[in-house]
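Quick notes on the structure that follows.
The values are calculated or read from the model by the stated rules, or taken from the named source; none is laboratory data. Computed from a predicted structure; not experimentally measured. Heads up, the Cβs are rebuilt from the backbone with ideal geometry, glycines too, and the neighbour counts pull from every protein chain shown. Accessible surface is based on the protein model in full, side chains and every heavy atom, while ligands, DNA and RNA are left aside. Shrake-Rupley method; radii C 1.70, N 1.55, O 1.52, S 1.80 Å.
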Amino acid sequence: MRARPTLLAILGVGLIYGLYSEGWDRLWVKYLVDNFSLPSIFGMNEVAFFGLLRASGMILSILVTRVVEKRLDTNHPPSVARAMMGITALLSVAIFTFALAPNLGVSPALLVSIAAVWLVNITRNLIGPLYDAWVNQRLDSETRATVISMSGQVDAVGQIASGPLAGVVSLWSIQAAITFASILITPALPLIARANRLHLEAESAAEKASAP
């Protein structure tokens, strides 16, 4: 890993994904319940509402994932990096929009919040397999298992580190904690850009080495 700066940058991205996730996962349901009067769908309670919200988000994620699978070459590291850049930026915007939705002054603020939740679900479900494919790029069989294990560990370390911090911020304001989660993910963007630059440099060096 020390010999591969690209891999270090990718694992740094994984750490940041772990950092932001605790603030979102623990607080978004409470924030929605506290700020909106949730609709009673066919006489069902709030549990059913969140079940439908998650189910519809999963269906949308499957449809979008199918489109991305057909259009993205996951064997080309720069293409994966560019996709990760756009999806990560969308994820940050979606979380930020959700946090500010009650203050937007938009009449259907609940609809804005639901759309933001769907976008968060879609982007997160895209990031998972793309990140795994990115980590696996050009790994030797002798080191693949260790690197994959470490990618899971850095995500867990990020969650452990950010969980107490998200809890402290939420004591002041849940909105602030969710907004903080949207900001926590932004350092992943320069790391992705660095990894992409290193991918391109490696491709250029390989092309020059193979040239007659």
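Descriptive notes on the structure:
- All positions within region 144-158 that are open to solvent by 60 Å² or more (accessible area, probe 1.4 Å) and either farther than 27 Å from GLU69 by Cβ or aliphatic (A, V, I, L, M) (or both): ALA145, THR146, ILE148, MET150, GLN153, VAL157
- Flag if PRO102 is at negative phi and surrounded by fewer than 16 Cβ atoms within 10 Å (Cβ to Cβ): no
- Residues (over 18 Å from GLU46 (Cα atoms) and acidic (Asp, Glu)) located in region 6-31: GLU22
- Filter pass, ARG4 being surrounded by 14 or more Cβ atoms within 10 Å (Cβ to Cβ), touching a helix residue (DSSP H, G or I) at 6+ places or on another chain (Cβ under 7 Å) and charged (D, E, K, R): no
- When GLU22, GLU46 are screened for being among the acidic types (Asp, Glu), open to solvent by less than 50 Å² (accessible area, probe 1.4 Å), out of contact with any strand residue (DSSP E or B) (no Cβ under 8 Å at 6 or more places or on another chain) and on the phi < 0 side of the Ramachandran plot, only GLU22 passes.
- Evaluation of ILE174 against (1) β-branched (Val, Ile, Thr); (2) more than 30 Å from ILE59 (Cα to Cα); (3) buried (at least 18 other Cβ atoms within 10 Å of the Cβ) (one fails), failing number: (2)
- If you go through region 125-143 and keep only what is open to solvent by 70 Å² or more (accessible area, probe 1.4 Å) and either more than 19 Å from ILE192 (Cα to Cα) or at pLDDT 90 or above (or both), you end up with ASP140, SER141, GLU142.
- Residues that are within 29 Å of THR6 (Cα to Cα), of a type outside the set (Lys, Arg) and without any contact (Cβ under 8 Å) to a residue 60 or more places away in the chain, drawn from region 38-67: VAL67
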